[in-house]
Amino acid sequence: MKAWLKFLPTIVNKAIMSDAIKIYDIDFNILRAHINPRGGKMLVEISGPQENECIQYMEEQGIEVIPIMRVVQKDSEKCVDCGACVSLCPVKAICIQDDWGVEIDNQNCIGCGFCVNSCPTKAISLME
Amino acid sequence: MKTIQEINQKIKNGDAVVVTADEMTSIVAQNGAQKAAEEIDVVTTGTFGAMCSSGAFLNFGHSDPPIKMTKTFLNGVEAYSGLASVDAYLGATQPSQNPEIGLHYGGAHVIEDLIRGKEVELIADAYGTDCYPLKRVETSITLDKINQATMVNPRNCYQNYAVAINSTDETLYTYMGTLLPKFGNVTYSSAGTLSPLINDPYFNTIGMGTKIFLGGAEGYIISEGTQHATENERRNGVPVSASGTLMLQGDMKKMNPEYIRGATMPKYGPTLYVGAGIPIPILNEEVATRTAISDEEIICKIIDYGVPRRSRPVIRETNYKELKTGKIEIDGIEVPTSPLSSYKRSKMVAVELKEWIEKGDFLLTNPVRPLSSKGNIVKPLEISKPLVMVKDIESKPVIMAYSGEKINDVAKKLVDNNINHLPVVDNDGKLKGIVTSWDIADGVAKGKSKLDELMTRKVIIAREDESVDIIARRIDKNNISGLPIVDKENIVKGMITAEDISRLIGENLKDENGGESI
């Protein structure tokens, strides 16, 4: 699952994440992070058999976990299905469907934002 | 053999057989061209791509008191108004004059906003005459309020086009979209099998005056477009590079924003996505055969846009079937591809045009004259004031460091010669890296002693046959102050620095101002 993890200033100096990874043996991938001594948030992908226990642990330790369904959003009114973004996606999360429409697979998306900056009609935006 | 009059009679009777160009490909493959020519009356084509050479003539109507507009802005985008008093031509690629908006909004976006029925701010200045005394007008317009809005696109519907790739180490932002470094992706722009001029490659039916689909409304072909070319190499009848073009016109007041969209190619600028479709009357077997062309039979060339010259090197040939699979092999490596025109909307154009004809709403036209099909060659623009080339300004003997050299010796070279950069070469004089006084200081601070450990290996270089203007842009883009000049064998010939270029500009200004520098 992908989720935003929100950190309060009181817990930024605790090694919660490394403990969580060690205890629950999860795969943990940081997609984006903005954390400083005043707190912050990070967008992560967590997977493994003990995923749910791990999330419960993080919440007990004071991290607010906000699961997200979408990393980027495509405005179908603005999108003209030109496909300029397709070859720029580093994880092949954007493809051209059988009807030649352009679709983004949010499961694979890592939120790098390359498609956002390359879209001629500014149809793609990063979810915050 | 059929005539356009006979086909029109069938359209009026509601029994014309109309298919789209991609459908025609499979019909001819199954039944043969002869049978298809008997059964099919019209093939509709379509394209929906970024067509920079587009724009619109607008007539705003006269104010009271009247004005003769000389500088005209629509939502901050300049429209050329050096024609009469209240006429202007709004070009699609003109960016906003507001530096904060810049390339994100331009003429193309104004055109889309007008078609959407939005209010657009009009500001115009004038010098004032006895008959047009007003010197400034600030108002707003809508498409309904103005007298005419005629889209006139000098160059649309390119017959085939180059496919773009980038061999350099940096990302390039081009009219062919974002090109990733080191052959990271490929972009192409033709709709292939649906593309209008690919389905009538010798202009047997398409000509001046042909009625077409433009932006969701009826439009017309005015003539060949600018840069129309007829002498390029052909394969399966179709040119393998950008060739024929069309100048189109249509009434913006009847257009549909689904088929006209303002867009911005990142860090390149505004452009207009135009939906255009041309009906091809199937007059005979020859015309039927041409409209049956498949993506696989349309050959095109992958061009290296990393070379910023008029003539760019060809990396390899491909075809639209391969491009549309989404990946292509370059030197044994799979490279993802991106279409820049929307095949989905190209198909929508062809289907909508087909429906118009089937309903009897759209009759075909005999061209007033054929498009030129011979002797059109695109001429280059020669620059009469010669460009200053890199080899023209290198003067000082080049000082170099050798990769095995000790830091102390290199530091001494920099100080003795009062310079900041040293190219690092091997024993054959080939470029291995570059070292700056900062690198030396940094290396000393970190206790390094060998040049190998602290030089920059990825060096931005200049070649002797490049113009100084290109180097100035490279210095600016990479935020560096100097680069080594190398020959084809990668042997260092000299250094060119920002100071060299400043000095050169200073000298040129002196020449132009009779010895006085400004």
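The values are calculated or read from the model by the stated rules, or taken from the named source; none is laboratory data. Small disclaimer: the values here were computed from a predicted structure and weren't measured. With ideal geometry, Cβ positions are generated from the backbone for all residues, glycine too; neighbour counts draw on all protein chains shown.
For the reader, a short list of remarks on this structure follows.
- Members of region B:193-217 that are surrounded by 24 or more Cβ atoms within 10 Å (Cβ to Cβ) and touching a Leu at 6+ places or on another chain (Cβ under 6 Å): B:Phe213, B:Leu214
- Of the helices (runs of 4 or more DSSP H) entirely within region B:356-473, those holding at least 1 residues that are closer than 30 Å to B:Arg312 by Cα occupy B:390-393.
- The set of residues in region A:87-101 that are more than 7 Å from every other protein chain (Cβ to nearest Cβ) and in a loop (DSSP other than H, G, I, E, B) comprises A:Cys89, A:Pro90, A:Val91, A:Lys92, A:Ala93, A:Gln97, A:Asp98.
- Positions within region A:84-106 being closer than 16 Å to A:Thr121 by Cα and surrounded by fewer than 17 Cβ atoms within 10 Å (Cβ to Cβ), in sequence order: A:Gly101, A:Glu103
- Region B:49-72 - residue that is crowded, with 22+ Cβ neighbours inside 10 Å, part of a strand (DSSP E or B) and more than 14 Å from chain A (Cβ to nearest Cβ) and, of those, nearest to the chain's Cα centre (by Cα): B:Gly55
- Any hit, region B:134-145, residues being closer than 30 Å to B:Pro196 by Cα, modelled with pLDDT of 95 or more, buried (at least 21 other Cβ atoms within 10 Å of the Cβ) and of a type outside the set (Phe, Trp, Tyr): no
- Restricting the search to strands (runs of 3 or more DSSP E) fully inside region B:88-198 and requiring at least 2 residues that are farther than 30 Å from B:Glu23 by Cα and not charged (D, E, K, R) gives B:120-125, B:136-141, B:148-156, B:172-174, B:177-179.
- So B:Glu329, is it loosely packed, with under 15 Cβ neighbours inside 10 Å, part of a strand (DSSP E or B), modelled with pLDDT of 95 or more and more than 10 Å from every other protein chain (Cβ to nearest Cβ): yes
Residues are listed down the side, and each one gets a yes or a no for (1) closer than 30 Å to B:Asp331 by Cα; (2) touching a His at 6+ places or on another chain (Cβ under 9 Å); (3) part of a strand (DSSP E or B); (4) assigned by TED's automatic domain parsing to the domain that holds B:Glu358:
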site	(1), (2), (3), (4)
B:Glu218	no, no, yes, yes
B:Ile221	no, no, yes, yes
B:Leu283	no, no, no, yes
B:Pro308	yes, no, no, yes
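- The selection criterion, being of a type in the set (D, E, K, R) and either touching a strand residue (DSSP E or B) at 6+ places or on another chain (Cβ under 7 Å) or buried (at least 19 other Cβ atoms within 10 Å of the Cβ) (or both), does not hold for B:Lys412.
- For region A:47-83, a residue qualifies if it is surrounded by fewer than 15 Cβ atoms within 10 Å (Cβ to Cβ), acidic (Asp, Glu) and within 14 Å of chain B (Cβ to nearest Cβ), and the qualifying residues are A:Asp75, A:Glu77.
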